[in-house]
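Computed from the coordinates by the stated procedures, all read-outs in this text should not be read as laboratory data. Everything quoted here is computed from the prediction, not taken from an experiment. Methodologically, a virtual Cβ is constructed for each residue, glycine included, from the backbone with ideal geometry; neighbour enumeration extends over all protein chains shown.
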Amino acid sequence: MVSYHYGTRPTGLTRADAVRLIPVDGWWMAMCLAEPDVRDMYCDVTTPAEWTGPAELTVVDLDIDLVRYRADGRVEVEDEDEFEEHRVSLGYPDAIVEGALRGAAELRAALSGDEEPFAEHYRKWLALV
């Protein structure tokens, strides 16, 4: 089981071992999940990660999630409605909206095309947990 949190608020435990991928300048974070989870990959569209402390990264979750399922490899986009709602109610700047939509499109293409780091690379890290 892996515990994770955003800020000081715990958000949950995974049911299976998992590895988190956080790119240097991408608009996403990915959680690679081991069996028995039915999901192979769970990705959050976020602002690019920023170092805010010696061992602390900060991102803003922008609500759009992408999930790749283990059994058939299908990729589903979730919570676009929440993004649209928060886009208006929170007044996301154009640069945030453009980055989030671009990040979601890039993620969908990479997950659907089985491109790295979503093809095999992450499996070596999962084997270590």
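Taking each residue as 0.36 nm, the span from ALA95 to VAL24 lengthens on full extension beyond its C-alpha to C-alpha distance by 23.8 nm.
How far is helix 80-89 tilted off the main Cα axis of the chain, in degrees rounded to 10, range 0 to 90? Once rounded, the angle reads 30 degrees. Among TYR122, TRP27, VAL88, whose Cα sits farthest toward the positive end of the charge dipole of segment 6-129 (+1 at Cβ of Lys/Arg, -1 at Cβ of Asp/Glu, about the Cα centre)? Looking along the dipole axis, the top candidate is TYR122. Computed with the Debye formula from one identical point scatterer per Cα of the chain, without solvent, the log10 of I(q)/I(0) at q = 0.15, 0.19 Å⁻¹ comes to -0.73, -1.17. For segment 3-126, the Cβ-based charge dipole about the Cα centre amounts to some 480 debye (Lys, Arg positive; Asp, Glu negative; other atoms uncharged).
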